[in-house]
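Bear in mind these aren't lab numbers, they're just calculated from the coordinates by the rules spelled out. Keep in mind the model is a prediction, meaning the values are calculated, not measured. All Cβ positions, glycine included, derive from the backbone under ideal geometry; neighbour counts span all protein chains shown.
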Amino acid sequence: MTDIRSYFPLLSQTVNGKPLVYLDNAATAQKPQAVIDVVNELHASLNGNIHRGIHYMAEQCTARYEAARERIRAYINAEKAHEVIFTAGTTAGVNLVAFAFGERYVRAGDEVVVTEMEHHSNIVPWQLLCERKGATLKVLPLTDSGELRMDRLPALLSHKTRLLAVAQVSNVLGTVNPLEEIIRIAHAAGVPVLVDGAQGVQHGRTDVRQLGCDFYAFSGHKIYAPTGVGALYAKEKFLDEMPPYQGGGDMIKTVTFAKTTYADLPYKFEAGTANYVGAIGLGAAIAFLETLDAAALQAHEQQLLRYATERLQRINGLTIYGSAPQKGSIVSFSLSGIHHLDVAQILDKLGVAVRSGTLCAEPVMQRYGVTGMARASFAFYNTLHEVDALAEGLEKAKKLITN
Ligand code: PMP
């Protein structure tokens, strides 16, 4: 782990006079030097707007942008590179589908299904769509342990259901959802599935063809790439049939005031100057991940999860939310008698960064009857020693507030 950590320059800092213990990886992950170098290189010595110029700078940037697309295609095992659309992130990808899919397929009286564990980014775009179209949003509920009520799924899907949107991994409860089963059930009912991969893509390989999902959205910044870029995988059939989401440069074939025709895939869905620096950085992040032993890193993350769960459970008055047998390395909790914001603030003074609040998932807070939670989320560069620092920090917070 010492070796891995040395790739991430930010991790060796001190914060508030203490060594930084960065446990907010579900919010955003830190960047390896390889990604920082690529972004710097582009800004310092290789910059030209893609797909437009025929000069050296533009051509080089375009080639590298398209190479990044191909790298993502291979990484998630999409069939075709043009099924990968560059976006600003997961939220942008979900909004793209909610708008364009909605325009094409959703009518008054139709239904869209989400789950009770979704991040706001996978709820609100569907609510907006339902409002626009006079459709209804249906919700698949959770069990107390934070798993989807799979027994309720078949009855939620009907001839009115146009789409099911579900997280790969819950950003609060850590639950890894049984996607293959969900997709099988949905497809049997003729319902396409969008997977929010924001918390899944960084924890081992996702194969969109094996899953069979129709849409898969993720963010670069959570997979060690720059902020402001992400990708949306969509089956060609849908991309062909859906109207463009945004209009502008690059997404057209010809423009006249009488009629505009649209560019071929994937450009039909990439209006305006893309974040090509970010996209090339995302390619570099994936290239970096490909040099590592994914299975070993995942095993280490699971070890961190087990150790943190055991260690935190021993703290009197601490409640962990989410105990699914299949969990990503996320531990959300509350400490009785101490507000979650105070927990995070005291930990910050000790150099320990955790997230606190509603975690962009207010329905999950409502499900568990709390106003917020604190959350520690681990990446492969975290150590067992850092879990100890978290636990010790929590004991200190308890003493400070309850004495
Ligand atoms: N879905 C989930 C499950 C997430 O955890 C997040 C990020 N917290 C998002 C969607 C939104 O990601 P972004 O803000 O990068 O668009």
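Shown in residue order for region 137-154 are the 3J(HN,Hα) couplings computed by the Karplus curve 6.51 cos²θ - 1.76 cosθ + 1.60 at θ = phi - 60°: 9, 10, 10, 7, x, 10, 8, 4, 7, x, 10, 6, 6, 4, 4, 8, 4, x Hz (x for Gly and Pro). Using the Karplus relation 6.51 cos²θ - 1.76 cosθ + 1.60 with θ = phi - 60°, the per-residue 3J(HN,Hα) values for region 302-309 come to 5, 5, 4, 4, 4, 5, 5, 4 Hz, with x marking Gly and Pro.
No solvent, one uniform scatterer per C-alpha: report log10 I(q)/I(0) for region 269-378 via the Debye equation at q = 0.11, 0.17 1/Å, two decimals. Result of the Debye calculation: -0.52, -0.93. Per residue, the average separation of C-alpha pairs within less than 8 Å and at least 6 apart gives the chain a relative contact order of 22 percent.
Quick check on the exposure proxy: order D240, D388 from fewest to most C-beta atoms within 10 angstrom. Mind showing how you got there, number by number?
Details: D240 11, D388 14.
Least crowded to most crowded, the residues run D240, D388.
Under conditions of 4 °C and 1.567 mPa s, region 207-335 yields 70 µm² s⁻¹ as its translational diffusion coefficient, taking Rh as the Kirkwood radius over Cα pairs in the Stokes-Einstein equation. Modelled spin-label separation between A258 and R5, with each label point placed 7 Å from Cα along the Cα-to-Cβ direction: 6.8 nm. Taking the Cα centre of region 89-221 as origin and assigning +1 to Lys and Arg Cβ atoms and -1 to Asp and Glu Cβ atoms, the resulting dipole is close to 400 debye. Taking every C-alpha pair closer than 8 Å and separated by at least 6 residues, the mean separation divided by the residue count of region 1-87 gives a relative contact order of 15 percent. Computed from the alpha carbon positions, the gyration tensor of region 184-227 leads to an equivalent ellipsoid with semi-axes of 24, 10, 7 Å, biggest first. Compared with the direct C-alpha span, the chain from Q33 to D342 gains 107.9 nm at full extension, assuming 0.36 nm per residue. Partners of K235 within straight-line reach, counting aspartates and glutamates whose Cα lies under 14 Å from its Cα and excluding those fewer than 8 residues away in the same chain: E79, E83, D207, D214. When both bridge partners sit in the chain, DSSP labels roughly 60% of those beta bridges antiparallel. At a Förster distance of 35 Å, what's the computed FRET efficiency of A74 paired with I315, Cβ-Cβ distance as r, to 0.05? For R0 = 35 Å, the calculated efficiency reads 0.20. For the set K138/K259; K31/K133; K160/K237; K160/K268; K31/K253, the pairs lying more than 32 angstrom apart at their alpha carbons are K138/K259; K31/K133; K31/K253. For the chain, the mean residue ellipticity at 222 nm estimated from helices alone is -12000 deg cm²/dmol, where every DSSP H run of n ≥ 4 contributes -39500 (n - 2.57) and the total is divided by all residues, rounded to the nearest 500. Applying the Kirkwood pairwise sum to the alpha-carbon positions of the chain produces a hydrodynamic radius of 22.1 angstrom. Would region 338-403 count as rounded, prolate or oblate if I go by the C-alpha gyration tensor, calling it rounded below 1.5 in a/c and otherwise prolate when a/b exceeds b/c, oblate otherwise? Since a/c reaches 1.5 but b/c is at least a/b, the shape of region 338-403 is classed as oblate.
How high is the relative contact order of region 209-342, in percent, counting Cα pairs under 8 Å that sit 6 or more residues apart? Don't jump to the answer; show the numbers that get you there.
Details: 136 pairs, mean separation 21.9, N = 134.
For region 209-342, the relative contact order is 16 percent.
In the chain, the longest principal axis of the Cα atoms and the axis of helix 384-402 are about 60 degrees apart. Loop-resident trypsin sites (Lys or Arg not before Pro) (DSSP state other than H, G, I, E or B) in region 322-403 with no more than 16 further Cβ atoms inside 10 Å of their Cβ are absent.
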